[in-house]
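Inspection log for the structure reproduced underneath, given as structure tokens.
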Amino acid sequence: MNNANPAPAPATPILSVNNIEVIYDHVILVLKGVSLTVPTGGITALLGANGAGKTTTLKAISNLLHAERGEVTKGNIIFEGQQVQSLSPNELVRRGCIQVMEGRHCFGHLSVEDNLMTGAFTRRDGNAAIRDDLDLVYQYFPRLKVRRASQAGYTSGGEQQMTAIGRALMSKPKMILLDEPSMGLAPQLVEEIFEIVKKLNEEQGVSFLLAEQNTNVALRFAKYGYILESGRIVLDGEAKALRENEDVKEFYLGIGGEGRKSFKDVKHYKRRKRWLA
Ligand SMILES: Nc1ncnc2c1ncn2[C@@H]1O[C@H](COP(=O)(O)OP(=O)(O)OP(=O)(O)O)[C@@H](O)[C@H]1O
Ligand SMILES: [Mg+2]
């Protein structure tokens, strides 16, 4: 055996979700065996239409389902090599995994800076370290520095999304679960926010799981993607391969062969048949 050039060990994923099932209200089965992994230092997209189960998947990971009367009834979730299903959301944040909620939840009556500071509540490393990280957030989001004293409720949608991401950064995360950052924002702002996500990934080593309906932008910034339909992963692959996949082009990117077509216009059985064939 020649051991001179051993193959590199496969990178350990920071997150792996294994065959999870989620039920709301004891009866509504929403996730039907979802598995995915996010490599350490990766950006992975979780794509799918309205109601596919993206938010449910993220909330299952960050343990926020209880508030919704939801429960993981099968499978397991492993973050940095350890099962995390029984941890509280705060304990998970302390370990480095935090969710940025859909709809950019900010405390509207607090200033932008106070919103950011609330993100540091799980930290025990002192005020000086927290101030340093606030400066870092302002480096990545110069707009927030300008608006630091403004009441968050009166800032623009883009600024609120930035505040929500900045707030998550204040917990010093290793991984951010980012739910629909593009929602309701103008294309230029979406681009600006995704560029910042990319920089945070490259420069700060933060791993991302991005839930998005905006397939186009998500597949340009992610390295790998999963497509969720009615609570099941129906397709996954390298972002580049997904961008070139005819079905993805047709149903999610709106650039199919027969002219622009809305995903909603296509009969569901046809789509399933092609992907599962
Ligand atoms: N608390 C709840 N109780 C019962 N059903 C729920 C609850 N939350 C979500 N659902 C259902 O679960 C399914 C998946 O919803 P989810 O919000 O995870 O989808 P999504 O992919 O995030 O959609 P969107 O793109 O609209 O945000 C939907 O059918 C939804 O109606
Ligand atoms: Mg959602």
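The values are calculated or read from the model by the stated rules, or taken from the named source; none is laboratory data. Since the model is a prediction, treat every value here as computed from it, not as a measurement. So basically every Cβ, Gly included, is an ideal-geometry build from the backbone, and we count neighbours across all protein chains shown.
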Filtering the stretch 23-55 for residues that are crowded, with 17+ Cβ neighbours inside 10 Å, away from ligand 2 (no atom under 13 Å from the Cβ) and more than 14 Å from the chain's Cα centre (by Cα) leaves a count of 2
Check Gly153, Gly225 and return the single one that is more than 16 Å from ligand 1 (Cβ to nearest atom) and not in a loop (DSSP other than H, G, I, E, B).
Gly153
Exactly one of (1) within 16 Å of ligand 2 (Cβ to nearest atom); (2) surrounded by fewer than 16 Cβ atoms within 10 Å (Cβ to Cβ); (3) under 23 Å from Val197 (Cα atoms); (4) not basic (Lys, Arg) is unmet by Gln139. Its number?
(1)
From the list Ala45, Ala60, Ala52, exactly one residue is within 15 Å of ligand 1 (Cβ to nearest atom), in a loop (DSSP other than H, G, I, E, B) and either of a type outside the set (Gly, Ala, Ser) or touching a residue at least 40 places away in the same chain (Cβ under 8 Å) (or both). Which is it?
Ala52
Lone unmet requirement of (1) in a helix (DSSP H, G or I); (2) surrounded by 16 or more Cβ atoms within 10 Å (Cβ to Cβ); (3) modelled with pLDDT under 95 for Leu116:
(3)
Filter the stretch 228-277 for residues that are in contact with a Gly (Cβ under 6 Å, 6 or more places away or on another chain) and assigned to a loop (DSSP other than H, G, I, E, B); the one that is modelled with the highest pLDDT is Gly231
Lone unmet requirement of (1) assigned by TED's automatic domain parsing to the domain that holds Ile227; (2) under 18 Å from Pro181 (Cβ atoms); (3) away from ligand 2 (no atom under 16 Å from the Cβ); (4) at pLDDT below 95 for Gly157
(1)
Quick one: is Ile165 over 21 Å from Ile14 (Cβ atoms), within 18 Å of the chain's Cα centre (by Cα) and among the aliphatic types (A, V, I, L, M)?
no
What number of residues within the stretch 182-220 are at pLDDT 95 or above, farther than 20 Å from Ile130 by Cα and part of a loop (DSSP other than H, G, I, E, B)?
0
All but one of (1) within 23 Å of Glu180 (Cα to Cα); (2) in contact (Cβ under 8 Å) with a residue 40 or more places away in the chain; (3) of a type in the set (Val, Ile, Thr) hold for Thr122; which doesn't?
(1)
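Any idea which residue in the stretch 172-181 is nearest to ligand 1 (Cβ to nearest atom), counting only those that are among the charged types (D, E, K, R) and either assigned to a strand (DSSP E or B) or farther than 16 Å from Leu219 by Cα (or both)?
The selected residue is Asp179.
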